[in-house]
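Only one structure is covered here, and it is reproduced in the block below.
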Number of protein chains: 2
Amino acid sequence: MKVAIFASGTELTRGELVNSNAAWLSERVTELGGEVIEHVAVDDDLERIQVALRRLSTEVDAIISTGGLGPTTDDLTTEAIAGVLGVPCFRDENTLDRMRARFAKFNRVMSPSNEKQADFPQGSAIILNEIGTAPGYRVLLNRATLFVFPGVPREMKPMFEQSFASSMAIQRTSTQLHLRTFGLPESAIGDRLAGLEAENPGVTIGYRAHFPEVEVKVFARADSEASALTLATKVAERVHERLAPHVYGGKADTLPKVLLREMQSAGKTLAIAESCTGGLVGHLLTHVPGSSKVLLADVVAYSNEAKTLFLGVPSELIAAHGAVSEPVACAMARGVREKTGATVGLAITGVAGPDGGSEEKPVGTVFLAVSTSEGEHCERRMFPWHRDFIQTIAAHAGLWKVRASLSQ
Amino acid sequence: MKVAIFASGTELTRGELVNSNAAWLSERVTELGGEVIEHVAVDDDLERIQVALRRLSTEVDAIISTGGLGPTTDDLTTEAIAGVLGVPCFRDENTLDRMRARFAKFNRVMSPSNEKQADFPQGSAIILNEIGTAPGYRVLLNRATLFVFPGVPREMKPMFEQSFASSMAIQRTSTQLHLRTFGLPESAIGDRLAGLEAENPGVTIGYRAHFPEVEVKVFARADSEASALTLATKVAERVHERLAPHVYGGKADTLPKVLLREMQSAGKTLAIAESCTGGLVGHLLTHVPGSSKVLLADVVAYSNEAKTLFLGVPSELIAAHGAVSEPVACAMARGVREKTGATVGLAITGVAGPDGGSEEKPVGTVFLAVSTSEGEHCERRMFPWHRDFIQTIAAHAGLWKVRASLSQ
């Protein structure tokens, strides 16, 4: 099944908005076994919308359109589609009632311009919007089925699932599994997984690098969805083995989530002392609801005085070894653990740059220390990137190190 | 000048990568006075690339293409273009030499597959790539000038500037100014700026909402670039007046950068005590190089015990008022300021949710306190969003409050 993703909106062609809908829809269509062959976005111009839709409707089996369903004069999608079809629009009273009820609920007055959001090209089937004002619809255009959704992602996504995705599900013969990894570059993952596709006909392995992680996607096509799932599961197990211990979870997981879950179920608590990562470790963890059950405190001891004051790191130790050193990292991790009474202490100190590097400790040098009742373990790492990336990977490497310590 | 943005890459049509290049290029072309009328992305399919480029080349004055210049068999852009033009490719020896030198510099061996990156369709003018391997080029295709760049953003952007942008600059009669704002919703900004466009012919005002901020863009077109700049500057001053005090900077500014700059030049230092924002304030500040000159420490006192231990908040105070309260916020701000000897202390405590809300203090309730030698000032805010947004806006509101305290 060939699919095109279409969008209209001058906010896209002026670069005021990134067309993230196109990527999300493409990923979902691919997962469902469809093949996206083209993305098109045009500005809010009636003729250009029509030319694009007319062209795509002869080239693909389905077009997914987002945007242009709002109440303003810029919103032209429905008018354009009716024009291409050569049919009038009908006003749906049921939709009007739902819209009026929605406005009443939020104590707002529905303006006359909203009424056009209840207009649909003759022959179309309405797709309900449970979250926003504008419903979508499905209509046949030449050889293509055209799905029309609003551009707001949180409205569009459930509407896609209840219409396009569920109609695809009936005939699904494919599936996709996701494995999240940390600690191996994409090229190394590719090397380790070499040959897996050839050994397993019907399987495609994809990668999505999202610094500092790489997601591995195992896509399988077979006679039925069930046998596709069996095939994908078998191959995902091979991937797991070949990449061990770098796979930490599935699609819905993140490293902070997994770590918090594992620590909570082991009855452990965490305290952090950050320097060069400047609060990022704390932010990554506290982004997750319920993190307060595990995380007791995070001290961003940016100055040397703060390291002594809050973490009890002796100023002589800093003077002797420098703030970026193994002894100071260990003292920070031990200090924050002992002060807070946490089970595990994590410390990160390094040179994030662009200044502050030396020959001995160039920009990118980071010491990661974990402290438990057994003692401290520190490692020196070198992350040869710029400030942003150094902070990001150091924070993740810190979480990874805590996770590794749990199983020791 | 009508422009189309083209990209090839199955990683785009499979949704593995968001086409952020299209948005960046569209914004720059718009700033330069061009009009982007279409974005197209197709998968790595020779025929589809050719069909798309042939079509666009009769509809626009310029096509900007990204991607498909790599060394692998998937990289088909140059072959496709030569095919559309009906010309052979030439191999550029100068480019080959540069590539060999580049590989040697990184101690890598250049593989034979890389050689095709030195091939260009006859008639094209090479555009140097100072950062990566693959050069780009410019070539005439029907009525359009086609600019071909690699897909890697940090390679593509400087190549765009040195070719497309500088050729446009000669005939530029427009300019765009950016004003960054915080604290007003987009609708309120629109209301305050109503009428400005009508009063100033040639001026278009655009908005880019990037939670929790809104950027206002003043685009002006006139007889020359100089008069466009005069016009844009005049209108930007009106925008400034109408939105005061919510405008904090221009295109290259961020709130953390501006705050750090202002504090540094005033000789002030900052210490932070965070609870519900969990390290985000520290992360936003330490993301900026040189932040250590201002930021002394950031204590993420997530547990009540940590508030007492690190910040000296009396446990009786927490017991009497709750951790999310004005007295505790003030005590946190004062505590972190006094302990570190910073000029200013900032504290944020609130309910980020999804749990922990009460009738008196529902999810989204946040107390922001600033402490100086003059005393403490606290305000209670309500941010009616979900966890992610509550943390983000609370962190920015905290920075904003510190900034407001500087001028008092």
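Descriptive notes on the structure:
- Accessible area in square angstrom per residue, region B:139-272, 1.4 angstrom probe: 45 Å²
- Taking N as the residue count of region B:307-408, its C-alpha radius of gyration divided by 2.2 N^0.38 Å amounts to 1.04.
- Between A:Thr230 and B:Gln408, the simple label model (points 7 Å from Cα in the Cβ direction) yields a spacing of 7.0 nm.
- Positive contributions from Lys and Arg (+1) and negative ones from Asp and Glu (-1), summed over other residues with Cβ under 9 Å from the Cβ of B:Ala301, come out at -2.
- Inter-copy label distances at A:Pro384 (7 Å, Cα→Cβ; nm, one decimal): 5.3
- Gaussian network model of chain B, Cα within-10 Å springs - most flexible of B:Ala23, B:Ala323, B:Ala342: B:Ala23
- Extension gain (nm, one decimal) between B:Lys293 and B:Gln122, 0.36 nm per residue minus Cα-Cα: 56.1 nm
- Where the Cα pairs of the protein assembly as shown fall when distances are cut into 10 Å bins, in %: 2, 11, 19, 23, 23, 15, 6, 1, 0
- Sparse-neighbourhood loop sites, trypsin sites (Lys or Arg not before Pro) in region A:136-216 - DSSP loop, at most 13 other Cβ within 10 angstrom: A:Arg143
- Two-decimal Rg to Rh for region B:4-152 - Kirkwood Rh, Cα set: 0.96
- Taken as Cα centroids, region A:131-168 and region A:277-325 sit 48 Å apart, rounded to the nearest whole angstrom.
- Taking the DSSP beta bridges with both ends in region B:1-153, the antiparallel portion is around 40 percent.
- Innermost chain B residue relative to the axis carrying B onto A, by Cβ distance in angstrom: B:Gly279, 2
- For chain A, averaging the sequence separation of C-alpha pairs within contact (under 8 Å, six or more residues apart) and dividing by the residue count gives a relative contact order of 10 percent.
- With its label point defined 7 Å out from Cα along the Cα-to-Cβ axis, B:Val87 lies at 4.8 nm from the matching points of the other copies, in increasing order.
- Remark: mean inter-chain Cβ contacts per residue of B:305-317 equal 2, using a 10 Å Cβ-Cβ cutoff to other protein chain atoms.
- Between B:Thr343 and B:Thr269, B:Leu270, the built amide H atoms are under 5 Å apart, and every one of these is 5 or more places off in sequence or on another chain.
- Shown in residue order for region B:185-197 are the 3J(HN,Hα) couplings computed by the Karplus curve 6.51 cos²θ - 1.76 cosθ + 1.60 at θ = phi - 60°: x, 4, 5, 5, 5, x, 4, 5, 9, 4, x, 4, 5 Hz (x for Gly and Pro).
- Amide H contacts of A:Gly151 (H built 1.01 Å from N, in plane; Pro and chain starts excluded): A:Gly67, A:Gly68, A:Leu69 sit under 5 Å, all sequence-distant by 5 or more or on other chains.
- The aspartates and glutamates whose alpha-carbon is closer than 13 Å to the alpha-carbon of A:Lys401, local same-chain residues fewer than 8 away aside, are A:Glu376, A:Glu379.
- Surrounding net charge for A:Asp97, when Lys and Arg each add one and Asp and Glu each subtract one, Cβ distance under 13 Å: +2
- Buried accessible surface for the A/B pair, both sides summed and rounded to the nearest 100, is 4900 Å² with a 1.4 Å probe.
- Approximate shape of region B:7-83 as ellipsoid semi-axes (Cα gyration tensor, √5λ), whole Å, largest first: 21, 16, 10
- Percent of beta bridges antiparallel (DSSP, the protein assembly as shown, rounded to nearest 5): 65 percent
- Of the solvent-accessible surface of region A:1-144, computed with a 1.4 Å probe and all protein chains present, 50% belongs to carbon and sulfur.
- Share antiparallel - DSSP beta bridges, chain B, percent rounded to 5: 60 percent
- Charge dipole (debye, nearest 20) of region B:1-139; +1 at Cβ of Lys and Arg, -1 at Cβ of Asp and Glu: 400 debye
- The phi torsions of region B:391-408, fed into the Karplus equation with coefficients 6.51, -1.76 and 1.60 and a -60° offset, translate into couplings of 4, 5, 6, 5, 4, 5, 4, x, 4, 4, 5, 4, 4, 4, 5, 5, 8, 9 Hz, rounded to whole numbers, with Gly and Pro shown as x.
- Neighbouring Cβ atoms from other chains, within 10 Å of the Cβ of residues in B:3-15, number 5 on average.
- Sequentially through region B:310-325, phi angles give Karplus couplings (6.51, -1.76, 1.60; θ = phi - 60°) of 8, 10, x, 6, x, 4, 5, 5, 5, 5, 6, 10, x, 5, 9, 7 Hz, Gly and Pro residues having no value and appearing as x.
- Most to least accessible of A:His287, B:His39 (protein chains only, probe 1.4 Å): A:His287, B:His39
- Largest mean-square fluctuation among B:Leu32, B:Leu12, B:Leu76, in a Gaussian network model of chain B whose springs join Cα atoms under 10 Å apart, belongs to B:Leu12.
- Legend: residue pairs B:Lys257/B:Lys293; A:Lys268/B:Lys339; A:Lys339/B:Lys307; B:Lys307/B:Lys339; A:Lys293/A:Lys339; B:Lys2/B:Lys234, Cα-Cα distance threshold 21 Å; pairs beyond threshold, A:Lys268/B:Lys339; B:Lys2/B:Lys234.
- Distances in nm from B:Arg238 to the matching label points in the other copies, shortest first (labels 7 Å along Cα to Cβ): 6.7
- Each listed q (0.19, 0.20, 0.25 Å⁻¹) maps to a log10 I(q)/I(0) for region A:254-340 from the Debye sum over equal C-alpha point scatterers, namely -0.82, -0.88, -1.16.
The values are calculated or read from the model by the stated rules, or taken from the named source; none is laboratory data. For clarity, every value in this text was computed on a predicted model and none was experimentally measured. Because the Cβ atoms are built from the backbone with ideal geometry, glycine has one as well, and the counts that use them run over all protein chains shown. The accessibility values were calculated without ligands, DNA or RNA, using every heavy atom of the protein model including side chains. Shrake-Rupley method; radii C 1.70, N 1.55, O 1.52, S 1.80 Å.
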